[in-house]
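Structure first, commentary second.
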């Protein structure tokens with residue numbers, strides 16, 4: 001097979017927005033076992049961008065996580081690509097663990113991939129300096145334009161509208177000149193958001209109409225974004241919930257879960273109700289999103305917990321794993337079943353990918369595309385057996401690789417706004433503080449010995465502590481130490 005021709009053809013199709021065509025070409029023409037090492041990265045790169053995540057991971061996993069010694073270790077670019085694949089597969093902490101150790105001189109794209117992780121957490125402000133650093137390093141013109149588009153997105157979401165508009169005006173002109181239609185459509189959709197936030201509905205409609213005309217068949221996700229902002233513009237301009245209800249139905253049928261979340265947010269702008277705000281707040285696992293809506297509506301939940309689903313005779317309390325009411329006689333919920341349900345109940349809108357479930361069910365273990373999915377499916381199967389045997393009226397459903405809970409009848413699940421995995425890190429962090437006995441400086445070996453945690457588990461705990469601003473990293477390689485910080489870091493800052 002001529003892999004050079006294949007990759008170039010797929011690249012051109014992706015840039016033209018013909019994602020479905022490129023995806024079908026890869027799926028039909030490539031045999032994983034026959035791809036030479038030198039072409040594993042280029043093929044994986046285009047495969048990821050068409051949505052073939054598992055396909056791409058199977059190409060790179062034997063290189064980045066080899067079961068036997070290789071003649072040539074993974075390059076920085078291979079590690080960076082594998083890191084972003086882990087992110088797309090849901091294994092966020094392992095993804096960051098890899099991306100934050102990539103040599104940026106050799107693979108500046110690792111900065112862009114770290115930005116994707118921040119975007120998923122709604123931490124757009126923290127993404128801005130990383131994107132600026134990336135643009136200063138990236139030499140490939142097309143990849144630099146991708147990075148600049150993401151910078152525009154971060155500026156819009158961070159409400160730096162003047163800066164965003166100025167950049168988008170120049171950007172859309174360049175994208176049109178070079179006939180990069182997908183980037184042009186995305187930039188117009190972002191510029192429409194700026195006009196919308198400023199109340200300039202006519203300019204927003206004009207940009208969205210142009211974006212719709214340049215985003216042809218094959219760019220389903222991008223088309224949904226344009227449709228989303230068109231209906232939001234209509235709803236806000238007319239002060240009507242009808243366009244948002246229409247958007248919600250369309251988003252549900254397209255499995256566009258984040259759009260469903262945003263529909264509920266914009267409905268509050270037209271008709272604010274405390275119970276609807278509570279549902280959005282408790283049903284969103286991202287701290288920065290909860291901060292955003294709390295500041296936007298100048299309100300906080302008036303309750304400490306929230307019952308998702310019905311509030312009738314049976315309620316599962318996730319903090320204890322016990323069922324109250326008519327199903328109280330159900331057999332004790334095994335620990336892994338309790339943890340799995342807690343993971344799936346963190347987000348009322350979007351399900352969790354296999355990688356995200358695995359990293360929380362088996363903390364400290366690396367995700368293995370060849371075995372980890374089956375281990376997760378075994379836990380899902382056992383959990384399904386448990387709730388069926390006990391007559392618990394909810395189900396675990398899978399849609400396009402995302403797993404979520406479907407609550408039935410009048411059953412309810414009582415949740416708090418605390419992330420289940422982060423809660424585990426907090427418990428380990430408090431244990432570490434006790435072990436330090438007043439000392440402020442320590443190393444990874446100390447943590448591993450005192451907490452009896454694996455090396456990879458220590459890395460993830462320390463990464464979490466860095467992200468929370470609890471510690472400061474000092475030194476490099478074998479001389480790395482960690483020092484307790486004097487207080488939490490501001491939300492916009494991030495350790496490199």
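For the reader, a short list of remarks on this structure follows.
- Sorted into 10 angstrom bins from 0, the C-alpha pair distances of the stretch 1-58 split as 26, 63, 11 percent.
- The stretch 397-414 and the stretch 245-308 have Cα centres separated by 18 Å.
- Here, the stretch 229-272 has an Rg and a Dmax of 9.4, 27 Å when only alpha carbons are counted.
- Efficiency of FRET from Cβ geometry, residue 132 and residue 245, R₀ 41 Å, rounded to 0.05: 0.55
- Using 0.36 nm per residue and subtracting the Cα-Cα separation, the extra length available between residue 106 and residue 176 on full extension is 22.2 nm.
- Percent of Cα-Cα distances greater than 23 Å, calculated over the stretch 68-225: 42 percent
- Percent of alpha-carbon pairs separated by more than 25 Å within the stretch 306-415: 18 percent
- Note on the stretch 217-344: Cα Rg divided by 2.2 N^0.38 Å, N the number of residues, gives 1.29.
- Spacing of the two label points (7 Å from each Cα toward its C-beta) at residue 375 and residue 119, in nm: 3.0 nm
- Residue-averaged 222 nm ellipticity for the chain, from DSSP H runs of 4+ at -39500 (n - 2.57), nearest 500: -19500 deg cm²/dmol
- Taking Cα extents along the principal axes in Å as calculated from this structure, the corresponding entry among (1) 79, 48, 46; (2) 65, 63, 49; (3) 70, 55, 47 is (2).
- At R0 = 60 Å, FRET efficiency that the Cβ-Cβ distance of residue 416 and residue 12 yields, to 0.05: 0.75
- Where labels lie 7 Å past Cα in the beta-carbon direction, separation of residue 1 and residue 291 in nm: 4.5 nm
- Globularity ratio of the stretch 439-484, using Cα Rg and 2.2 N^0.38 Å: 1.05
- Length gained on full extension, residue 409 to residue 388: 6.1 nm, using 0.36 nm per residue less the C-alpha separation.
- Rounded to whole Å, sorted largest first: equivalent-ellipsoid semi-axes of the stretch 70-134, Cα gyration tensor: 21, 14, 7
- Extension gain for residue 163-residue 237 works out to 24.2 nm (0.36 nm per residue, less the C-alpha to C-alpha distance).
- From the C-alpha gyration tensor of the stretch 160-235, square roots of 5λ in Å: 18, 16, 9
No lab work stands behind these numbers, since they all come straight from the coordinates. Because the structure is predicted, anything quoted here is derived from the model rather than measured. Neighbour counts are summed over all protein chains in view; Cβ atoms, including those assigned to glycine, are modelled from backbone coordinates with ideal geometry.
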